[in-house]
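Only one structure is covered here, and it is reproduced in the block below.
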Amino acid sequence: MLKKQTVWLLTMLSLMIVLSVYYMMSDKEDLAYIDRGENESEEASSTDPGNDDGAEVDSINNVGHDELFATIRMELQDERSMKKDRLKEVVASSSASATEINEALNEIDKLDQLTTKETILQESILAAKDQYEDVLVRQDDGKVHVHVKVNELSKQEANYIMQMVRDEFGQVTVDVNFQPTGS
């Protein structure tokens, strides 16, 4: 069996190769985030788990950078793959106890369920409005972040998205941001 250092090295090398290929294939303009301060940032958040119409929207965040969704998706996928690989090592380990193996399998299942929920929600939000170019949903420490690529997002649309997130994830804190399409 390979040593942990060897596995770690191979994982890092494969990550470097993937990122290098992505870098070479992407446009040079899309690689760096530059905050020019052109748009005032505001954030939509709701911690009120009330009824459908009772969601509070303080404001909506206008994220001023391009093509970040693919990069975030790739980083999230890489992070989860690495986590799953470590858990699979625990499952395959001959020195792991039955409890440790069971916990690792449960954690792998939770990661798969989370990915599935995020994908379903992304597709549901995209299907809800034809004007959304792209949607990114990710859960992080009990908070769900939704980024929508659209020129403008009304408070009603943000409320609707928040309710869709609560229907899928339960009563969680939701951040809804939008990124202008540039058209």
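Spelling out what I want: for every residue of the stretch 73-80, take phi, set θ = phi - 60°, compute 6.51 cos²θ - 1.76 cosθ + 1.60 (Karplus), and round to whole Hz; glycine and proline get x.
4, 5, 5, 5, 5, 4, 4, 5
In nanometres, what is the gap between the two model label sites at Ile101 and Arg86, each 7 Å from Cα along Cα-to-Cβ?
2.1
Say each of Thr173 and Glu152 gets a label point 7 Å from the Cα, pointing the same way as Cα to Cβ; how far apart are those two points in nm?
3.0
Mind listing the long-range amide H neighbours of Gln179? Cut-off is under 5 Å, sequence gap 5 or more, other chains count too, H placed in the peptide plane at 1.01 Å from N.
Amide H to amide H, under 5 Å and 5 or more residues apart or across chains, Gln179 pairs with Val63, Val148, Lys149, Val150.
GluC sites (Glu not before Pro) within the stretch 115-152: which are DSSP loop residues with at most 11 other Cβ atoms inside 10 Å? Display every interim value, and only then the final one.
Numbers: sites: Glu118, Glu123, Glu133, Glu152; in loops: Glu133, Glu152.
Those satisfying the criteria are Glu152.
Residue by residue through the stretch 123-128, which ³J(HN,Hα) values in whole Hz follow from phi under the Karplus form 6.51 cos²θ - 1.76 cosθ + 1.60 (θ = phi - 60°), with glycine and proline marked x?
5, 5, 5, 4, 6, 5
Among the listed pairs Lys3/Lys88; Lys88/Lys117; Lys83/Lys149; Lys84/Lys143; Lys110/Lys143, give every one whose C-alpha distance is greater than 18 Å. Each step should come with its number before you reach the end.
Values: Lys3/Lys88 15 Å; Lys88/Lys117 22 Å; Lys83/Lys149 29 Å; Lys84/Lys143 21 Å; Lys110/Lys143 16 Å.
Check vs 18 Å cut-off fails for Lys88/Lys117; Lys83/Lys149; Lys84/Lys143.
None of the figures in this text is laboratory data; all of them are computed from the coordinates on show. Please read all numbers here as calculations on a predicted model, not as lab measurements. Every residue, glycine among them, receives a Cβ derived from its backbone with ideal geometry; neighbour counts consider all protein chains shown.
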